[in-house]
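Take a look at the structure below.
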Amino acid sequence: MGSTFVFAFNAIMPIVLLVLLGYMLKKIRFIDQSFVNILNKFVFRIGLPILLFYNVYSINSLNDIDWAVVLFAVVAILAVFTVGLLFVSIAIKDPKQKGVILQSIFRSNFALIGIPLAQTLGGSEALAIVSIISAFTIPLLNVLAVISLTMFQRNEFGERISITKVLMTIVKNPLIIGVLLGLLTLVIRSVIPVVNGELVFSLKNNVTFSYTFIKIMSQTASPLALIALGGQFEFSVVKKLAKQIIIGVTWRILIVPASVLTVAYLLSPRIPGISESYPALMALFATPVAVSSAIMAHEMGGDDQLAGQLVVWSTICSIATIFFTIVIMKSIGAI
């Protein structure tokens, strides 16, 4: 149990320390709000899209896809979104906070915490499953994020944002574009001839400089996103947002993982592949609020202060919840 706690602690603390670094740099005025805003823009429009493209590009083949597991993950996300939508529509009054809290309910830190978590729990096999699931769930999560951040907003005339504008926002979302370009490369790769077990042409082997560039750029997204988040963090607003923070964090790291992982365990005898996918499902449903949710809230006019608080506090509190989730899953032989 001690080693399990050390693992969970080591998985979360680098995230916490990077957020703390951003907070301290802002506090000592090494960086200012203008710099943080530019950093957010870079991460959202360049860093994260390249990271998502790289993750999808790293999938070996379309033939590796376990459609039963992908379908379970997609249906689970849609179910969580629907329940969360009903909840925030009734329980949350501020329109700018409704979408932010809804986003925290269904959108986890799959890329930054989930992928290394799954790899530690299940090794290269779990990492392969995570990469496959991410190719389908990340576009879905981002589409739902755009919907959640726009459906409660009003224009200058007090009218709801039009469906056309929502669709255009989805189409132009850089994160979705990054994943779709990754999927396009997979499709193209599937028709490229293979000689002696190697593709005739690939970015990795034939255009090495471009692959190296993409890989290096993908590595900038996570630390810069977390530093920018720390630069936005304000302890002074915790008290006035305490209720909303508790609601969002409770849903994200307690209610959602307990519900989805329980259903997955009960359905595992009937759905092929689920029993081998628990580390990936933990990565998708048991991790804290996605860092990009705060960046997206800032870019799209949501309550970015609340969004940032939800990321930070769900990350801190998830040290305990991930630990207990791992203990429970190990005790029942799931991982």
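The values are calculated or read from the model by the stated rules, or taken from the named source; none is laboratory data. Nothing here was measured: the structure is a model prediction, and the numbers come from that model. So basically every Cβ, Gly included, is an ideal-geometry build from the backbone, and we count neighbours across all protein chains shown.
Which one is surrounded by the fewest Cβ atoms within 10 Å (Cβ to Cβ), of the residues in the stretch 53-89 that are closer than 15 Å to I132 by Cβ, among the polar types (S, T, N, Q) and more than 16 Å from the chain's Cα centre (by Cα)?
Looking at the filtered set, the residue picked out is N63.
Could you count how many residues in the stretch 1-44 are at pLDDT 75 or above and β-branched (V, I, T)?
Of the residues in the stretch 1-44, 7 are at pLDDT 75 or above and β-branched (V, I, T).
If you go through the stretch 90-104 one residue at a time, how many are closer than 11 Å to S148 by Cα and surrounded by fewer than 20 Cβ atoms within 10 Å (Cβ to Cβ)?
Number satisfying all stated conditions: 2.
I'm trying to understand the selection: among the residues of the stretch 309-335, which are at pLDDT below 85, farther than 24 Å from Y265 by Cβ and not hydroxyl-bearing (S, T, Y)?
The answer is V312, I316.
Do we find a residue being touching a residue at least 24 places away in the same chain (Cβ under 8 Å) and within 29 Å of L167 (Cα to Cα) anywhere in the stretch 312-335?
Scanning the stretch 312-335 turns up no residue that is touching a residue at least 24 places away in the same chain (Cβ under 8 Å) and within 29 Å of L167 (Cα to Cα).
Check every one of the helices (runs of 4 or more DSSP H) wholly within the stretch 31-150 and list those with 2 or more residues that are aliphatic (A, V, I, L, M) and free of Cβ contacts under 8 Å to residues at least 24 places away in the same chain.
67-91, 115-150
Condition first: surrounded by fewer than 14 Cβ atoms within 10 Å (Cβ to Cβ) and not in a helix (DSSP H, G or I). Can you find one or more residues in the stretch 209-220 that meet it?
For the stretch 209-220, residues surrounded by fewer than 14 Cβ atoms within 10 Å (Cβ to Cβ) and not in a helix (DSSP H, G or I): absent.
Please identify the pairs in which a residue from the stretch 284-305 that is touching a residue at least 24 places away in the same chain (Cβ under 8 Å) and crowded, with 24+ Cβ neighbours inside 10 Å has its Cβ atom under 6 Å from the Cβ atom of a residue that is among the hydroxyl-bearing types (S, T, Y) and part of a helix (DSSP H, G or I), counting only partners at least 6 apart or on another chain.
Final answer for the pair search is A286/T325; P288/S314; P288/T315; P288/S318; V289/S104; V289/S314.
Do you know which of the residues in the stretch 65-112 that are among the charged types (D, E, K, R) and in contact with a helix residue (DSSP H, G or I) (Cβ under 9 Å, 6 or more places away or on another chain) is farthest from G301 (Cα to Cα)?
Across the stretch 65-112, the extreme among qualifying residues is D66.
Using the structure shown, decide if P272 is closer than 23 Å to L127 by Cα, at pLDDT 80 or above and in contact with a helix residue (DSSP H, G or I) (Cβ under 6 Å, 6 or more places away or on another chain).
no
All but one of (1) free of Cβ contacts under 8 Å to residues at least 24 places away in the same chain; (2) of a type outside the set (A, V, I, L, M, F, W, C); (3) farther than 15 Å from I335 by Cα hold for T262, so report the exception by its number.
Failing condition for T262: (3).
Can you say whether T315 is surrounded by 21 or more Cβ atoms within 10 Å (Cβ to Cβ) and more than 14 Å from V19 (Cα to Cα), as far as the supplied structure shows?
For T315, the condition - surrounded by 21 or more Cβ atoms within 10 Å (Cβ to Cβ) and more than 14 Å from V19 (Cα to Cα) - is not met.
Read through the list (1) of a type in the set (A, V, I, L, M); (2) within 21 Å of I46 (Cβ to Cβ); (3) surrounded by fewer than 21 Cβ atoms within 10 Å (Cβ to Cβ), then give the number of the only condition that A258 fails.
(2)
May I ask you to list the residues in the stretch 12-70 that are over 13 Å from L229 (Cβ atoms) and of a type in the set (F, W, Y)?
F30, F35, F42, F53, Y54, Y57, W67
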